[in-house]
Amino acid sequence: MTWFKKREEEEKEGKEKRGELKISEDLWTKCNSCNEIIYRKVVERNFQVCPKCNYHFQIPARRRVEWFADPGSFLEFDAHLVSVDPLEFKDLKRYPHRIKESQEATGQKDAIICGEATIEGQPVMFGIFEFNFMGGSLGSVVGEKITRLIERAVEKGMGVVIFCASGGARMQEGILSLMQMAKTSAALAKLHEARRPYISVLTDPTTGGVSASIGMLGDVIIAEPKAMIGFAGPRVIKETIRAELPEGFQRAEYLLEHGMVDLIVERKDLRHTLASLLKMLTSDGQKK
Ligand SMILES: [Zn+2]
């Protein structure tokens, strides 16, 4: 390579590192945690985890089904449920318009996929939030699907695993959305009475009404590394209490240190961890 070509390459590399060059979305991706520009295929091969800093990227709910449920074992429930627009809510766009956009973008009717599956042979009622659907917000459809999932678990004497990824309650449904926190919590109380386990897996980000209900109500609460978990965001808290927040505030590692989560598990080990926990927590001979 001639010296001037080399220099062009070097300049390009430098620009990429400084974020000045538009990154080709198809080939490269930028890590949300360490800001490193990484070859997308490398991230994909690594379970969508940053090879530099171990940040776990958000992934579509369908892919989690493929990765965590045994092949061919997933039987989806209530996929047809669709939100109505009881408040005729409109901000920049009408609520039905936002729903339609999210449906087209994700191929889902709403922000959670629920079904029955096995994980390494362990039967489970499995729910996965889809963050790309209106920020994984908890509206009446999400609440209803989670409640039905838990009720089915009680009926069949099975455990429940829910992967959370959410910005919180869905403001377009006002109080109906907030009621889902109470509804899903009440269903979990029934599961507890039936002595069946509930494992919540908190992924980046889990905030607002979801962290304040089903997120933090797990018998075992697992987090993915570096996931942001909290109720209000750090900026809002900082502005309200007017104080510097401690380093690592609202990250999975900080929460583990302070007793708010039980385990941080890397994605590559998560399937086996879930299976082991389900086996341990449901093999008490009480299964119907
Ligand atoms: Zn990184």
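Readers should treat all values here as calculations from the given coordinates under stated rules, not as data from a laboratory. It should be emphasised that the depicted structure is a prediction, and the values quoted were computed from it without experimental measurement. Don't worry about glycine lacking a Cβ; one is built from the backbone with ideal geometry, like all the others, and counts go over all protein chains shown.
Quick one: check the C-alpha center-to-center distance for segment 187-248 versus segment 92-123, whole angstrom.
Computed from Cα coordinates, the inter-centre distance equals 21 Å.
Rank F126, F47, F163 by mean-square fluctuation in a GNM of the chain with C-alpha springs under 10 angstrom and give only the top-ranked residue.
Highest fluctuation of the listed residues: F47.
Please figure out what share of the DSSP beta bridges in segment 167-288 is antiparallel and state it in percent, rounded to the nearest 5.
Just about 10 percent of them are antiparallel.
Considering only DSSP beta bridges where both residues belong to segment 60-168, give the percentage that are antiparallel (nearest 5). Write down the numbers at each step before the final one.
Working: 12 of 17 bridges.
Roughly 70 percent of the DSSP beta bridges within segment 60-168 come out antiparallel.
Relative to the present Cα-Cα distance, how much length would full extension add between N35 and R94 at 0.36 nm per residue of separation?
17.8 nm
What do you get for the angle between helix 140-156 and the principal long axis of the chain? Use alpha-carbon atoms, 0 to 90 degrees, nearest ten.
The answer is roughly 50 degrees.
Considering only DSSP beta bridges where both residues belong to the chain, give the percentage that are antiparallel (nearest 5). If you can, show how the numbers build up before the last one.
Numbers: 17 of 36 bridges.
Counting only bridges with both partners in the chain, antiparallel ones make up about 45 percent.
Could you calculate the FRET efficiency of Q103 with E151 from 1/(1 + (r/R0)^6), where r is the beta carbon distance between them and R0 is 30 Å, rounded to 0.05? The partial results should precede the final answer.
Numbers: r = 26 Å, r/R0 = 0.85.
Computed FRET efficiency for Q103 and E151: 0.70.
Placing +1 at every Lys and Arg Cβ and -1 at every Asp and Glu Cβ, with all other atoms neutral, what dipole size does the chain have around its Cα centre, in debye to the nearest 20?
Dipole size: approximately 200 debye.
Sticking with the crude label model, points 7 Å out along Cα→Cβ, report the distance from I175 to E266 in nm, one decimal please.
In this crude spin-label approximation the distance works out to 4.9 nm.
May I ask for the angle, rounded to the nearest 10°, between helix 174-193 and the longest principal axis of the chain, with both axes built from Cα atoms and the value confined to 0 to 90°?
Taking Cα atoms only, the helix is inclined about 60 degrees.
Find how much the distance from K238 to L81 grows on full extension, using 0.36 nm per residue of separation minus their present alpha carbon separation; answer in nm with one decimal.
Result: 52.7 nm gained on full extension.
Could you derive backbone 3J(HN,Hα) for segment 44-56 from the dihedral phi with the Karplus parameters 6.51, -1.76 and 1.60 (θ = phi - 60°), listing whole Hz in sequence and x where the residue is Gly or Pro?
Coupling constants for segment 44-56: 4, 5, 9, 6, 6, 10, 5, x, 7, 10, 6, 5, 9 Hz.
Which pairs in the list K93/K183; K93/K226; K41/K226; K93/K156; K109/K279 are over 30 Å apart, alpha-carbon to alpha-carbon? Intermediate values should be presented prior to the final figure.
Numbers: K93/K183 28 Å; K93/K226 33 Å; K41/K226 21 Å; K93/K156 42 Å; K109/K279 32 Å.
Where the Cα-Cα span goes over 30 Å, the pairs concerned are K93/K226; K93/K156; K109/K279.
Using the charge dipole of the chain (Lys, Arg: +1 at Cβ; Asp, Glu: -1 at Cβ; taken about the Cα centre), state which of F89, G233, I199 has its Cα farthest towards the positive end.
Result: F89, furthest along the dipole toward the positive end.
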